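J.: The structure is given below, and queries will be raised subsequently.
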Amino acid sequence: RSKASAHNGCLLYDAGMTECYSAYLTLGGGLRKAIEEGQFELYYQPKIRSTDEYAVGAEALLRWHHPEWGMIPPDQFIPVAEESGLILPLGEWVIRRACQHIQEWQSLGLPPINVSVNLSGRQFLQHDLVDIVQGILTETKIDPKYLELELTESMLMSDAHETIKKLHAFREMGIMLSIDDFGTGYSSLAYLKKFPIQSLKIDRSFIQDLGVDSDDDAIVKATIAMAQSLNLKVVAEGVESRSQMNLLTNYQCQEVQGFLFAKPMSSTDFVEYLNNRGPDLEAFIDPETL
Ligand code: C2E
Ligand code: MG
Ligand code: MG
Ligand code: MG
C-alpha cells in the first residue's frame with residue numbers, strides 16, 4: 001500500500017491546524033491548480049567529485065510553494081500525486097524544467113553540467129514516457145548526455161521485458177541512468193547486470209552511521225567495490241560530516257551529495273554556486289605527466 005493510504009489519507013498535519021487537509025490534496029484540485037499557477041519549483045543539490053571536491057553535477061528536487069501552507073516537501077505530495085495520476089503531468093513538467101535549466105545555464109556560459117531527475121513508479125510505467133522525453137530533448141535542444149534519470153529498485157522489478165526495452169530506448173537516446181536509494185529495495189543484485197545503468201546512489205540510511213556502525217561500513221565498502229567491478233559509478237547520498245566523507249574517499253566512492261557540501265537550492269542560487277565553485281583541478285592534470 002502506498003504511503004497515502006497507510007496514513008488513512010491524512011498526510012499533513014500542522015500543530016495549529018485542527019483539520020486534516022489531505023482531502024484537498026487527494027482531490028487533486030490543489031496539485032492541478034499548483035501546476036497551472038506555477039507553484040512548483042525545481043531545486044538543485046550539487047553532486048561532488050570526491051577526488052577534488054568539485055561540483056560535477058546536480059540532482060533536481062521538486063519543491064511546492066503553497067500560497068497558504070508554505071513549502072511542502074516532496075515526500076508528502078509525491079505519493080498523493082501518484083495516487084491521483086497527477087504525477088504524470090507533474091513528472092513531465094519536472095523533466096522539461098530540468099532540461100530548460102540545463103539549456104539556460106549553458107547559455108549563461110557555464111560549463112555543461114549533468115543533471116539528474118527522479119522518476120516515480122507510475123511515471124516510469126507510462127507507455128509513452130520515451131516519446132515524451134524525446135520531445136522535451138528536441139524542444140530544449142540539450143545534449144542528452146547531460147540528462148540522467150534516477151530509477152528505484154522497485155521500478156526495475158515490475159515487468160522486466162518492458163523495463164529493459166524502455167531503458168535501452170533511453171540509452172540509445174544518450175540519456176544516463178542510475179539507481180536511486182540503492183540498498184533499500186529488493187536485495188536481488190541480478191538486475192545490475194541485466195539493466196543498462198551507469199550509476200548507483202547509495203541510500204542515505206547507510207551513510208548516516210558510517211564510522212559508527214560497522215555493519216554500515218561493511219555494506220558501503222562492499223557496495224562500492226561491487227559497483228566498481230561492474231563498471232558503475234557510485235554516488236553516496238546524505239553526506240553530512242567530514243568523517244563520513246573521509247571514509248567514502250578511502251572506499252573510493254566517486255561522487256557524494258549531502259549537506260556537508262550544499263543543500264538543495266534554487267536555480268538562481270545554483271548558478272551563483274557554480275560561478276563560485278573554484279577551479280576544476282582535474283582539468284589541469286596532464287595525462288602525459290601521470
Ligand atoms: P531522493 O531522490 O533520494 O533525494 C535525496 C533527498 O535527500 C532530498 O530530499 C535531499 O534534500 C535529501 N538530502 C540530501 N543531502 C542530505 C543530507 O546531507 N542530509 C539529509 N538529512 N538529507 C539530505 P527531498 O528534496 O526532500 O526529496 C525527498 C524525495 O522526494 C527524493 O529522495 C525523491 O524520492 C522524491 N522527489 C524529489 N523530487 C522529485 C521529483 O521531481 N519527482 C519524483 N518522482 N520524486 C521526487
Ligand atoms: Mg534521487
Ligand atoms: Mg535517494
Ligand atoms: Mg528517496
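J.: Report, in debye and to the nearest 20, how large the dipole of the chain comes out about its Cα centre when Lys and Arg carry +1 and Asp and Glu carry -1 on their Cβ.
T.: 500 debye
J.: Moving on to the next point. Name the residue, out of D128, D143, D181, whose mean-square fluctuation peaks in a Gaussian network model built on the chain with Cα pairs under 10 Å.
T.: D128
J.: Is the stretch 123-263 rounded, prolate or oblate when judged by the Cα gyration tensor, a ≥ b ≥ c being the square roots of its eigenvalues, rounded requiring a/c under 1.5 and prolate requiring a/b larger than b/c?
T.: Note, shape of the stretch 123-263 comes out prolate.
J.: Residue by residue, what Karplus-based ³J(HN,Hα) values in Hz, rounded to whole numbers, does the stretch 145-150 have, using 6.51, -1.76 and 1.60 with θ = phi - 60° and x for Gly and Pro?
T.: Rounded to whole hertz, the list is 5, 8, 9, 10, 10, 9.
J.: Under a 5 Å amide H to amide H cut-off, with H placed in plane at 1.01 Å, what residues pair with Y54 once short-range neighbours are removed?
T.: Amide H neighbours of Y54: R49.
J.: Name the long-range amide H neighbours of M265: under 5 Å, sequence gap of 5 or more, or other chain; modelled H, no Pro or chain starts.
T.: The answer is Y44, Q45.
J.: What ³J(HN,Hα) values, in whole Hz, does the Karplus curve 6.51 cos²θ - 1.76 cosθ + 1.60 give for the stretch 44-52 when θ = phi - 60°, with x put for Gly and Pro?
T.: Here the 3J(HN,Hα) series is 10, 10, x, 9, 10, 6, 5, 4, 10 Hz.
J.: Give me the aspartates and glutamates in straight-line cross-link reach of K194: C-alpha distance below 19 Å, same-chain residues under 8 apart excluded.
T.: Answer for K194, where 19 Å is the Cα cut-off: E148, E150, E153, D159, E162, E172, D180, D181, listed by chain and number.
J.: Additional query: For the stretch 194-207, just list the computed ³J(HN,Hα) in residue order, Karplus coefficients 6.51, -1.76 and 1.60, θ = phi - 60°, integers in Hz, with x standing in for Gly and Pro.
T.: Whole-Hz 3J(HN,Hα) from phi for the stretch 194-207: 6, 9, x, 9, 10, 8, 10, 10, 6, 4, 4, 5, 8, 8.
J.: So for the pair H127, E139, with labels modelled 7 Å out along Cα→Cβ, what separation do we get in nm?
T.: In this crude label model, H127 to E139 measures out at 2.2 nm.
J.: Could you tell me which of rounded, prolate or oblate describes the chain, using a ≥ b ≥ c as the square roots of the eigenvalues of the alpha-carbon gyration tensor, with rounded for a/c under 1.5 and, failing that, prolate when a/b is larger than b/c and oblate otherwise?
T.: Rounded, since a/c falls under 1.5.
J.: Shifting gears a bit: Please list the non-local residues whose amide H lies under 5 Å from the amide H of I179, H modeled 1.01 Å from N, same-chain partners needing a gap of 5 or more.
T.: The list, which skips near neighbours in sequence, is L151, S199, L200, K201.
FYI, it's all coordinate maths here, none of it is from the lab. Quick caveat, the model's predicted, so the values are computed rather than measured. Cβ: placed from backbone, ideal geometry, glycine included. Neighbour counts: every protein chain shown.
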